[in-house]
Amino acid sequence: MKIAIAGGTGVAGRPTVEAVRNDGHEAVVLSRSRGIDLISGKGLAAALAGVDVVIDTANVTTMDAAVATEFFTTATANLISAGADAGVGHIVLLSIVGIDRMPHDYYAGKLAQEKVLETSSVPWTIQRATQFHEFAGQIFARAKFGPLHLAPRARTQPIAARDVGERLASLAHGEPLGRAQDIGGPREEALDAMIKAYARASGHRGWIPSVSVPSAQMKGMREGLALPGTEALLATETFEEWLAAR
């Protein structure tokens with residue numbers, strides 16, 4: 001099969017591309033670095049020629065609901081339109097566990113994105129996953145007050161991006177499912193403890209205070225609204241194991 005991965009150079013996209021190729025399929029990376037713009041649609045029609053399935057892992061770095069909603073709805077609508085014109089038979093979207101329970105900030109954009117895909121003329125699958133193990137490093141790099149790194153408090157059940165990529169690749173060469181079974185990591189973790197462990201493993205020795213970020217999304221995560229239910233499929237690699245293997 002010929003499978004296109006939107007956002008194929010990102011944290012979720014890279015292991016998805018690798019998994020697609022390991023499964024013996026041709027992977028087409030859709031990214032701005034390859035001359036393809038999901039927002040303007042530039043290069044999209046040519047890139048999707050002959051493509052059987054699109055996996056959408058595209059992302060934007062923001063906590064602003066309006067910015068996230070504009071990006072995700074526009075990008076996915078363009079993928080649907082260009083995919084329908086190209087004869088794509090299946091779109092697989094990576095989304096996030098619990099966004100309907102806390103439709104705020106960045107998560108508002110992801111929920112709006114799901115709603116766009118649900119109206120698609122191209123058959124679709126939505127795969128919700130929990131936060132990644134890699135999330136700790138991302139937050140360590142971004143959550144700063146001047147030179148001071150901060151560790152936001154939240155309850156999470158993280159999964160390795162590699163495991164998510166393998167799941168998305170598997171879904172791509174199957175039948176469209178609509179809403180697929182949620183996936184998550186093997187056990188609950190405290191996000192602030194993850195960030196501090198990541199920092200120590202990376203050689204950082206400074207004080208990192210735990211903080212309760214007052215945004216609606218982070219409040220929901222502290223309340224456990226981003227945790228998977230009992231019906232979710234759980235991967236086996238813990239954050240501690242992932243960190244030790246880095």
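Cα-Cα over 21 Å: which of Lys110/Lys196; Lys144/Lys219; Lys2/Lys115?
Numbers: Lys110/Lys196 28 Å; Lys144/Lys219 19 Å; Lys2/Lys115 26 Å.
Among Lys110/Lys196; Lys144/Lys219; Lys2/Lys115, the Cα-Cα distance tops 21 Å for Lys110/Lys196; Lys2/Lys115.
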Query - Debye, to nearest 20: dipole size of region 1-46, +1 on Lys, Arg Cβ, -1 on Asp, Glu Cβ - result: 140 debye
Query raised in the report: Convex hull over the alpha-carbon atoms of region 105-246: what's its volume per residue in Å³?
Result: 116 Å³
Report summary line: Excluding ligands, DNA and RNA, the carbon-plus-sulfur percentage of the accessible area of the chain with a 1.4 Å probe reads 52 percent
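Convex hull over the Cα atoms of region 133-175, averaged projected area in nm²? Before the final figure, lay out the partial values.
Working: hull surface 16.1 nm².
With the hull built on Cα positions only, its mean projection is 4.0 nm².
State the percent of C-alpha pairs, over all pairs in region 156-206, separated by a distance greater than 16 angstrom. Don't skip to the end; give the middle numbers.
Numbers: 731 of 1275 pairs.
Summing the P(r) of region 156-206 above 16 Å gives 57 percent of all pairs.
Can you work out the FRET efficiency for the pair Arg187 and Arg32, with r the C-beta to C-beta distance and R0 = 51 Å, to the nearest 0.05? Walk me through the numbers before you get to the answer.
Numbers: r = 36 Å, r/R0 = 0.71.
The pair Arg187/Arg32 has a calculated efficiency of 0.90.
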Query raised in the report: What's log10 of I(q)/I(0) for region 169-239 at q = 0.21 Å⁻¹, Debye sum over Cα points only, no solvent?
Result: -1.04
Query raised in the report: Tell me, Kirkwood radius of region 38-101 from alpha-carbon pair distances, in Å?
Result: 12.7 Å
**Report entry** For the chain: relative contact order, % (alpha-carbon pairs under 8 angstrom, 6 or more apart)
**Finding:** 20 percent
Query raised in the report: Over the Cα atoms of region 28-135, what Rg and Dmax result, in angstrom?
Result: 13.5, 38
Query - Tail beyond 18 Å, pair distance distribution of region 1-50 (Cα, percent) - result: 26 percent
Query raised in the report: Which whole-Hz couplings ³J(HN,Hα) result when phi for each residue of region 103-118 is put into the Karplus expression 6.51 cos²θ - 1.76 cosθ + 1.60, θ = phi - 60°, listed in order with x for Gly and Pro?
Result: x, 10, 6, 4, 5, 4, x, 5, 5, 4, 4, 4, 5, 5, 5, 5
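The values are calculated or read from the model by the stated rules, or taken from the named source; none is laboratory data. Computed from a predicted structure; not experimentally measured. Ideal geometry is used to build each Cβ from the backbone, glycine not excepted, and the neighbour counts take in all protein chains shown. To get the accessible areas, we keep the full protein, side chains included, count just its heavy atoms, and leave off ligands, DNA and RNA. Shrake-Rupley method; radii C 1.70, N 1.55, O 1.52, S 1.80 Å.
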